[in-house]
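As structure tokens, the structure follows; a few thoughts come after it.
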Amino acid sequence: REHRYSRHFNCLSPICSCGQENESTMHFMLFCNRHANHRRKLYFQLNDMVPGITWKPPPALLDVLLYGSKKFDFDTNKGIITSTITYIKDTKRFKKLEAYSQV
């Protein structure tokens, strides 16, 4: 919402539906209480691949979730990105936006 709101793209408010703060990428991926159960699942998967990875500072963790890391091999990065995609799908956060992608 924050990104869409700042670009005046079909969004009346940047505030997340949880009401806690603006719905930035970081908020959605790491902090929104509406997705806590899905996030726990994601963190378990990540810690199986790279123990302790979820203890990174939030900006660094978000970066790894979205882009992987040069520190990891191809298979580990693929697993991280696949887990991130699964998290996004499981939250159903973008289900409402599917109609826009068909235009």
Fill in the blank from the handout: Surrounding charge for residue 54, neighbours by C-beta under 13 angstrom, Lys/Arg +1, Asp/Glu -1, total +3
Fill in the blank from the handout: Per the charge dipole of segment 24-93 (beta-carbon charges, Lys/Arg positive, Asp/Glu negative, Cα centre), the residue among 52, 33, 83 reaching farthest to the positive end is 33
Exercise for the section: Calculate the translational D of the chain in whole µm² s⁻¹ from Stokes-Einstein, where the hydrodynamic radius comes from the Kirkwood formula applied to all Cα pairs, the temperature is 20 °C and the viscosity 1.002 mPa s. Expected result: 146 µm²/s
Practice task
Add +1 for every Lys or Arg and -1 for every Asp or Glu among the other residues with Cβ under 14 Å from the Cβ of residue 63, and state the total.
Solution key: +3
Exercise for the section: Treating cross-link reach as a plain straight distance, find the lysines whose alpha-carbon is under 28 Å from the alpha-carbon of residue 71, omitting any fewer than eight places away in the same chain. Expected result: 41, 56, 89
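Coordinate-derived values only; no laboratory data. Keep in mind it's a predicted model, so treat the numbers as computed, not measured. Note: ideal-geometry Cβ built from the backbone for every residue, glycine included; neighbour counts use all protein chains shown.
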